[in-house]
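Read through the structure below, which is laid out as structure tokens, and then see the notes.
The values are calculated or read from the model by the stated rules, or taken from the named source; none is laboratory data. Just so it is clear, the model here is predicted, and its values are computed rather than measured. Neighbour counts are summed over all protein chains in view; Cβ atoms, including those assigned to glycine, are modelled from backbone coordinates with ideal geometry.
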Amino acid sequence: MSDSNSHKPFAGNTLIYSNRPPSAGSSGGAQMVIEATNPTWWVGPESVDNRLWNVMDEQERQTITVAQGPNNPQTNDYQVLTFPAPKALEDAQYKTISNEVLWPIAHSMKPNAKESLEQIEDAYFNGYLPYNELANNALRTFTEEKGLTANDRVWVHDYQCDNVPGMIYSRHIPWPSLEFLEETTFKSETGKDVPVIETSFFRDLIELGGNRALSTF
């Protein structure tokens, strides 16, 4: 006998966090997420000049505001909100780690990073992690202000945000096979080939994601 509650629509609030704004269209599956979740809020970073960032206090750095401008459309169904993030961390977070390393690995393809393993791990720990920690802090403040509970959900979207905690965590596809992760290597500055699965940044990602519920869309 089927459960009569199994097909009821989700009744709580949904917050989507992504560094791709809704104006990105189909890029990175952004529109699929919107259509699938019927969100209440879409929250993402807004790049600020490094000099401005350096004079902002902690409260200003975690402040979420209603997005403005043509690239941040407001809709009748959900509200687009942003928090500040420094330009200095963007390349390490998005280009070096997300596009050159995580996206290929998650699709079982060889990473296209030209940097050495040491440079990749420096970008991860000194760019990717601190950038996403800003999101973590801003989202925690926002969920507390809005009084979100276990009846609501936070959807963290895409590889750029792999270590941002969420009540519901989503990725396009699961991590590839163990064999692929063991055979795919980065070149160390010493000349040694180091398998992906033995790198400190990848072990860190696995540990950070170990307590999350994985789902696909």
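Of all residues in segment 79-92, count the ones that are modelled with pLDDT under 85 and among the polar types (S, T, N, Q).
Within segment 79-92, residues that are modelled with pLDDT under 85 and among the polar types (S, T, N, Q) number 1.
Are any residues in segment 99-120 surrounded by fewer than 19 Cβ atoms within 10 Å (Cβ to Cβ) and either among the polar types (S, T, N, Q) or part of a helix (DSSP H, G or I) (or both), and if so, which ones?
Asn99, Glu100, Trp103, Pro104, Ala106, Ser108, Asn112, Ser116, Glu118, Gln119
For Asn76, indicate whether it is assigned to a helix (DSSP H, G or I), at pLDDT below 85, out of contact with any Gly (no Cβ under 9 Å at 6 or more places or on another chain) and not aromatic (Phe, Trp, Tyr). Before you say what the answer is, go through the steps one by one.
Working: assigned to a helix (DSSP H, G or I): no; at pLDDT below 85: yes; out of contact with any Gly (no Cβ under 9 Å at 6 or more places or on another chain): yes; not aromatic (Phe, Trp, Tyr): yes.
No; evaluated as a whole, the condition is false for this residue.
Find all pairs meeting these conditions: Cβ atoms under 7 angstrom apart; at least six residues apart or on different chains; first residue within segment 151-162 and under 22 Å from Pro104 (Cα atoms) and in a helix (DSSP H, G or I); second residue at pLDDT 75 or above and not hydroxyl-bearing (Ser, Thr, Tyr).
Tyr159/Leu102; Tyr159/Trp103; Tyr159/Ala106; Gln160/Asn19; Gln160/Gln93; Cys161/Asn19; Cys161/Asn132; Cys161/Ala135
Report whether or not Thr96 is among the polar types (S, T, N, Q), loosely packed, with under 15 Cβ neighbours inside 10 Å and either at pLDDT 85 or above or more than 30 Å from Glu179 (Cα to Cα) (or both). Talk me through it step by step, then tell me what you get.
On the way: among the polar types (S, T, N, Q): yes; loosely packed, with under 15 Cβ neighbours inside 10 Å: no; either at pLDDT 85 or above or more than 30 Å from Glu179 (Cα to Cα) (or both): yes.
Against the criterion (among the polar types (S, T, N, Q), loosely packed, with under 15 Cβ neighbours inside 10 Å and either at pLDDT 85 or above or more than 30 Å from Glu179 (Cα to Cα) (or both)), Thr96 does not qualify.
Name every residue in segment 103-154 that is β-branched (Val, Ile, Thr), touching an Asp or Glu at 6+ places or on another chain (Cβ under 9 Å) and closer than 21 Å to Thr185 by Cα, in order of residue number.
Narrowing segment 103-154 to residues β-branched (Val, Ile, Thr): 105, 120, 141, 143, 149, 154.
Those still in the list that are touching an Asp or Glu at 6+ places or on another chain (Cβ under 9 Å) too: 120, 143.
If the condition is that a residue be β-branched (Val, Ile, Thr), touching an Asp or Glu at 6+ places or on another chain (Cβ under 9 Å) and closer than 21 Å to Thr185 by Cα, then Ile120 is the only one that fits.
Counting only residues that are surrounded by fewer than 15 Cβ atoms within 10 Å (Cβ to Cβ) and farther than 17 Å from Thr40 by Cα, which one in segment 5-24 is modelled with the highest pLDDT?
Lys8
Inspect segment 167-177 for any residue being modelled with pLDDT under 90, within 19 Å of Asp91 (Cα to Cα) and not small (Gly, Ala, Ser) and give the result as yes or no. Spell out how you get there, then give the answer.
We begin by selecting, within segment 167-177, every residue modelled with pLDDT under 90; these are 167-177.
This time we only want the ones that are within 19 Å of Asp91 (Cα to Cα), so: none.
No, segment 167-177 has no match at all.
Identify the residue in segment 25-58 that is of a type in the set (S, T, N, Q) and either in a helix (DSSP H, G or I) or at pLDDT 75 or above (or both) and, among all such residues, is farthest from Asp158 (Cα to Cα). I'd like the intermediate steps shown before the answer.
Initial filter on segment 25-58 (of a type in the set (S, T, N, Q)): 26-27, 31, 37-38, 40, 47, 50, 54.
When the remaining residues are screened for being either in a helix (DSSP H, G or I) or at pLDDT 75 or above (or both), the result is 27, 31, 37-38, 40, 47, 50, 54.
Numbers: Ser27: 11, Gln31: 12, Thr37: 15, Asn38: 17, Thr40: 19, Ser47: 18, Asn50: 25, Asn54: 28 Å.
If we take residues in segment 25-58 being of a type in the set (S, T, N, Q) and either in a helix (DSSP H, G or I) or at pLDDT 75 or above (or both), then Asn54 is farthest from Asp158 (Cα to Cα).
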